[in-house]
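Readers should treat all values here as calculations from the given coordinates under stated rules, not as data from a laboratory. Quick caveat: nothing in here was measured; it's all calculated off a predicted structure. All Cβ positions, even for glycine, are placed from backbone atoms using ideal geometry, and neighbour counts span all protein chains on display.
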Amino acid sequence: MITVEEARALLFDLVSPLASEEVPLTDAAGRVLARDVSATRDQPPFAASSMDGYALKSAEVELHAMFKVIGESAAGRRFEGRVGAGQAVRIFTGAPIPEGADFVVIQEDTDRRGDLITITEEPGPKTNIRPAGIDFTAGTTIQAPRIIRPEDVALMAAMNIPTVPVARKPVVALISTGDELVMPGDEPGPDQIIASNTFGLKAMLESAGAQVRILPIAKDTVASLEAAFGLAAGADLVVTIGGASVGEYDLVADVSQALGMERSFYKIRMRPGKPLMAGRLGQTAMVGLPGNPVSAMVCGYLFLLPMVRRMLGIEQVLMPFQRAQLAEPIDKNGPREHYMRAVLSEDGIRACADQDSSLLSVLAQANALLVRDPHDPARAKGDEVLYLPI
């Protein structure tokens, strides 16, 4: 058996960043920016008023001064003339500053009668003008890689970037195995259960940016497994769930190796999730997860999500562990690294009472995995421990 750290290193060797593709700006949110993009213009492209008021010369601005209004400048429709001595232009927020003007007196500080205005309040030193390029200038860069947020989309739109280079979504094929499984909505037989891992993993991986295909359940026969692997053709990562152990009906290892899989490793010194297998089928990475629901999901957090991030070109593929104080004591740990379902609250972190790897209800209550080193001693309330948010 190998450690979690060793397994991750080997798994990362199985995948690499994918090629980029161009998508419309409207479809870019949530994708990973693959290359730097740059503004094609200044923003704003002209000096603009930040207030409604009157544009005039700053040298003439003083209390009780009077000016003749010679025109109007509105957003999208500038005043074409020039502001001279004793003159003002009615201006609205966002409108271009007319030539000759370098100050905007806000509307509330003036009194207008016909085409004459009087400054009735002390204007103060603020010009109320946004200089050209104050937001960004042509050539300003948004650097890759980064997950594109709605704020980034708005910025790219202002930069006049209509299409965006993003990392191609990794295609992940999920294969649940076992005669005991049926799909949700089907009528299970007396000895059958509903396939659940596949759907949890699909949601998990799609939230990280993958494109996930759920394949038909593979029965515990060589022919059924071979057919499932055939349907996975074209995927960047094939994930089997169940059948990776050494029982009489655990056929995944034999069938995948018969199909040419080069095994990277089998079994990890951890709980839950020890019987994990990985390798390569041609150019496709393959991971064989254990069938226990919690084991599969924990392995998804620890191994599959980082693999997806690596394929997307994200720099921080591993989410850092965080620290919290125990809200309750915990017993000593055994010989394997243990990822305990836990609940993090204002009081600290509590390990869930039942750590059975088949209990999805406990996983659904948890919001963290409390990390225990092999042979970690018993810990008292208030001790600091590591955890991974989930």
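Key figures for this structure:
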quantity: Under the Karplus curve 6.51 cos²θ - 1.76 cosθ + 1.60, θ = phi - 60°, whole-Hz ³J(HN,Hα) for region 298-314, x wherever Gly or Pro sits; calculated: 4, 5, x, 4, 7, 10, 6, 4, x, 5, 4, 4, 5, 5, 7, x, 6
quantity: For region 108-201, size of Cβ-based charge dipole, Lys and Arg +1, Asp and Glu -1, in debye; calculated: 620
quantity: Pair Asp135, Leu231: separation of 7 Å Cα→Cβ label points (nm); calculated: 4.9
quantity: Test item: Cα-centred dipole of region 244-390, Lys/Arg +1 and Asp/Glu -1 on Cβ, debye; calculated: 300
quantity: Long-range amide H partners of Arg213 with built H, under 5 Å; calculated: Val172, Ala173, Leu174
quantity: Under 5 Å, built H, 5+ apart or other chain: amide partners of Ile129; calculated: Ser50
quantity: Förster-model FRET efficiency, 56 Å R0, Lys381 and Glu99, C-beta, rounded to 0.05; calculated: 0.20
quantity: Residue (of Ala296, Gly282, Phe229) at the positive-pole extreme of region 219-321, dipole from beta-carbon charges; calculated: Ala296
quantity: For the chain, built as a Gaussian network whose Cα springs stay under 10 Å, the top-fluctuating residue of Ala235, Ala101, Ala173; calculated: Ala101
quantity: Of all DSSP beta bridges in region 217-295, antiparallel share, percent nearest 5; calculated: 65
quantity: Per-residue ³J(HN,Hα) for region 267-272, Karplus 6.51 cos²θ - 1.76 cosθ + 1.60, θ = phi - 60°, Hz, x for Gly and Pro; calculated: 6, 10, 7, 8, 9, x
quantity: Candidate values (1) 96, 51, 40; (2) 67, 52, 49; (3) 62, 46, 39, label of the one derived for Cα extents along the principal axes in Å; calculated: (1)
quantity: Residue (of Gly348, Thr140, Pro374) at the positive-pole extreme of the chain, dipole from beta-carbon charges; calculated: Thr140
quantity: Principal-axis tilt of helix 222-231 within the chain, Cα atoms, nearest 10 degrees; calculated: 10
quantity: Under Karplus coefficients 6.51, -1.76 and 1.60, residue-wise ³J(HN,Hα) of region 354-365 in Hz, glycine/proline x; calculated: 10, 9, 4, 6, 9, 9, 5, 4, 6, 4, 5, 7
quantity: CD proxy at 222 nm, helix term only [per DSSP H run n ≥ 4: -39500 (n - 2.57); per residue of the chain; nearest 500]; calculated: -5000 deg cm²/dmol
quantity: Mean Cβ count within 10 Å, highest first, over the residues of peptides 331-337, 8-14, 50-56; calculated: 50-56, 8-14, 331-337
quantity: Nearest-ten-degree value, helix 4-14 long axis tilted from longest Cα axis of the chain; calculated: 70
quantity: Rel. contact order, % - alpha carbon contacts under 8 angstrom, at least six apart, the chain; calculated: 16
quantity: Most fluctuating residue given options Val287, Val61, Val15, as computed from a GNM of the chain linking Cα atoms under 10 Å; calculated: Val61
quantity: Simple Cβ-charge dipole of the chain, Lys/Arg +1 and Asp/Glu -1, about Cα centre, in debye nearest 20; calculated: 580
quantity: Percent of beta bridges antiparallel (DSSP, the chain, rounded to nearest 5); calculated: 70
quantity: Gained length - Lys267 relative to Ile194, 0.36 nm times residue gap less alpha-carbon distance; calculated: 23.7 nm
quantity: Of Gly260, Val317, Pro329, farthest towards positive along the dipole that unit charges on Lys, Arg, Asp, Glu beta carbons give the chain; calculated: Gly260
quantity: Region 347-390 - percent relative contact order, Cα under 8 Å, separation 6 or more; calculated: 39
quantity: Amide H contacts under 5 Å for Asp376, placed H, 5+ residues apart; calculated: Asn333
quantity: Paramagnetic reach from Ala158 (point 7 Å along Cα→Cβ, amide N under 12 Å) across region 33-60; calculated: 42-45
